[in-house]
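Participant: Take this structure, written in structure tokens, and hold onto it; I'll ask about it next.
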Amino acid sequence: TVSRLRPFTATIFAEMSALAVTHDAVNLGQGFPDTDGPASMLAAACAAINGGANQYPPGIGVPRLRRAVAEHQRAHYGLHYDPDTEVLITVGATEAIAGAIVGLTEPGAEVIMVEPYYDSYAATVAMAGGVRRTVPLRPDGDGFRLDRDALAAAFTPRTALVLVNSPHNPTGTVLHDDDLAEIARLCLEHDVVAVTDEVYEHLVFDGRTHTPLATLPGMRERTLRISSAAKTFNCTGWKVGWLSGPAELVAAARAAKQFMTYVGSGPFQPAVAHALESEMDWVAGSAQSLQAKRNLLSAALSDAGFGVHRSEATYFVCADPRPLGITDGETFCRSLPERIGVAAVPVSVFADDKEPWRHMVRFAFSKRDEVIAEAAQRLRRL
Ligand code: PMP
Ligand code: GLN
């Protein structure tokens with residue numbers, strides 16, 4: 001392995017999922033749902049396969065999906081994108097993130113990201129030959145907030161882009177409106193592009209709303225907005241994602257994307273278009289159900305003796321095992337599947353400055369209620 005990729009040889013998700021299999025553990029590590037998306041979407045995928053949609057789709061994605069992605073953003077956020085020049089379909093949000101970073105980062109240029117960060121960000125910046133600069137979240141009551149001073153200090157003449165993930169994995173935080181406003185202000189002041197990872201845009205709880213950074217004044221013209229069908233429609237294995245933004249930024253990402261995978265997910269693209277067009281009520285129900293699962297798992301963790309952080313969105317809740325006498329989340333997560341038959345993920349692996357996160361553990365609640373109940377019972381053995 002080349003030196004720039006050596007720190008990234010095994011993902012934590014593969015490692016913890018393997019331990020979960022070995023010890024027949026309830027896997028609350030890797031974030032994926034254990035039920036399927038809307039039946040009409042599954043039927044649409046089968047129909048597409050049986051109907052012959054099995055060859056290369058167009059490089060920028062099938063027209064119906066590009067139109068559905070554009071229409072979805074108009075309907076939900078009042079954001080207008082031209083489906084022919086301002087939308088690109090990708091192989092999951094992962095490839096959209098990679099295309100954006102590789103397409104917009106000169107060697108040695110800096111990419112600002114919120115810490116803890118989704119693991120692919122750091123690896124992809126390294127592949128692009130860029131340098132990451134992290135801006136930490138700080139505890140704020142039982143939730144988290146962006147460190148504004150660190151954010152301002154992270155912008156330099158070498159900044160290529162700022163990567164913003166809200167709703168945030170792993171903490172389940174929805175960034176405050178005034179934190180988003182501060183990011184926008186700094187992007188405008190320093191003439192920097194924003195790339196926003198909004199894959200959990202519809203999975204927000206307790207009546208909160210999600211505000212895309214691109215809706216702030218001056219930001220639509222400098223933001224590449226990324227999302228994916230994976231979490232919205234319970235189809236993480238289909239790998240259908242997209243990005244949208246001004247044509248020249250989309251073109252930069254496309255230049256990289258076309259030589260990463262060329263195209264992908266042919267028959268799943270029309271199925272996801274159908275879901276965006278017709279199944280947003282299903283998504284609202286799914287978010288309601290996830291909120292109840294968040295409550296179940298948060299209560300179970302609390303009963304088991306953990307401190308529990310507020311999860312405002314996503315699939316995840318972060319827990320503090322220090323009341324149980326546990327100070328090292330990584331060691332704890334490596335032993336947990338064998339000890340009690342539950343898998344989770346240590347948050348410190350998503351941070352460069354590990355100290356503030358050393359104890360913290362992320363649990364996924366995107367599971368059937370009986371699975372959460374089984375995990376709850378096992379957690380009581382701690
Ligand atoms: N970004 C974040 C924050 C994620 O949690 C995930 C995992 N769903 C991804 C990107 C990757 O999304 P996809 O599976 O569509 O590639
Ligand atoms: N996004 C999911 C998570 O954070 C899983 C992603 C993966 O397995 N790479 O758990």
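Participant: With (1) surrounded by 22 or more Cβ atoms within 10 Å (Cβ to Cβ); (2) modelled with pLDDT of 95 or more; (3) over 19 Å from V263 (Cα atoms); (4) hydrophobic (A, V, I, L, M, F, W, C) as the list, and M16 as the residue in question, which single condition is left unmet?
Facilitator: (2)
Participant: Restricting attention to the range 136-149, report how many residues are more than 16 Å from P167 (Cα to Cα) and surrounded by 17 or more Cβ atoms within 10 Å (Cβ to Cβ).
Facilitator: Residues that pass the stated criteria total 1.
Participant: As an exercise: evaluate A18 against (1) within 16 Å of ligand 1 (Cβ to nearest atom); (2) of a type in the set (A, V, I, L, M); (3) not assigned by TED's automatic domain parsing to the domain that holds T156 and give the number of the one condition it does not meet.
Facilitator: It fails just one condition, (1).
Participant: Name every residue in the range 194-251 that is touching a strand residue (DSSP E or B) at 6+ places or on another chain (Cβ under 8 Å) and of a type in the set (S, T, Y), in order of residue number.
Facilitator: T196, Y200, T223, S227, S228, S244
Participant: Given the condition among the β-branched types (V, I, T), in contact (Cβ under 8 Å) with a residue 24 or more places away in the chain and either assigned to a helix (DSSP H, G or I) or within 16 Å of ligand 2 (Cβ to nearest atom) (or both), answer yes or no: does some residue in the range 304-315 qualify?
Facilitator: Yes: the range 304-315 contains one or more residues that are among the β-branched types (V, I, T), in contact (Cβ under 8 Å) with a residue 24 or more places away in the chain and either assigned to a helix (DSSP H, G or I) or within 16 Å of ligand 2 (Cβ to nearest atom) (or both).
Participant: On the basis of being β-branched (V, I, T) and within 16 Å of ligand 2 (Cβ to nearest atom), does I97 make the cut?
Facilitator: Here the answer is yes, as I97 does meet what is asked.
Participant: Considering only the range 123-189, give the strands (runs of 3 or more DSSP E) lying wholly within it that have at least 1 residues that are more than 16 Å from ligand 1 (Cβ to nearest atom), under 26 Å from D206 (Cβ atoms) and touching a Lys or Arg at 6+ places or on another chain (Cβ under 7 Å).
Facilitator: 131-140, 143-146
Participant: Residue check: is L249 buried (at least 18 other Cβ atoms within 10 Å of the Cβ) and either of a type in the set (D, E, K, R) or outside the structural domain of V125 (by TED's automatic domain parsing) (or both)?
Facilitator: When the stated conditions are applied, L249 does not pass them.
Participant: Find the residue count for the range 235-276, including only residues that are among the polar types (S, T, N, Q), under 22 Å from C46 (Cα atoms) and more than 16 Å from ligand 2 (Cβ to nearest atom).
Facilitator: Of the residues in the range 235-276, 2 are among the polar types (S, T, N, Q), under 22 Å from C46 (Cα atoms) and more than 16 Å from ligand 2 (Cβ to nearest atom).
Participant: Before we move on, is I89 within 23 Å of the chain's Cα centre (by Cα) and modelled with pLDDT under 95?
Facilitator: For I89, the condition - within 23 Å of the chain's Cα centre (by Cα) and modelled with pLDDT under 95 - is not met.
Participant: If you don't mind, there's one more thing I want to ask. Taking the range 316-356 on its own, how many of its residues are out of contact with any Lys or Arg (no Cβ under 8 Å at 6 or more places or on another chain) and in a loop (DSSP other than H, G, I, E, B)?
Facilitator: Within the range 316-356, residues that are out of contact with any Lys or Arg (no Cβ under 8 Å at 6 or more places or on another chain) and in a loop (DSSP other than H, G, I, E, B) number 6.
Participant: For the range 100-118, what are the residues that are closer than 26 Å to L146 by Cα and not in a loop (DSSP other than H, G, I, E, B)?
Facilitator: Result: A100, I101, V102, L104, E110, V111, I112, M113, V114, E115.
Participant: Would you be able to say whether some residue in the range 70-90 is within 14 Å of ligand 1 (Cβ to nearest atom), part of a helix (DSSP H, G or I) and in the same structural domain as L224 (by TED's automatic domain parsing)?
Facilitator: No.
The values are calculated or read from the model by the stated rules, or taken from the named source; none is laboratory data. Keep in mind it's a predicted model, so treat the numbers as computed, not measured. In this analysis, Cβ positions are derived from the backbone assuming ideal geometry, glycine residues included, and neighbour counts consider all displayed protein chains.
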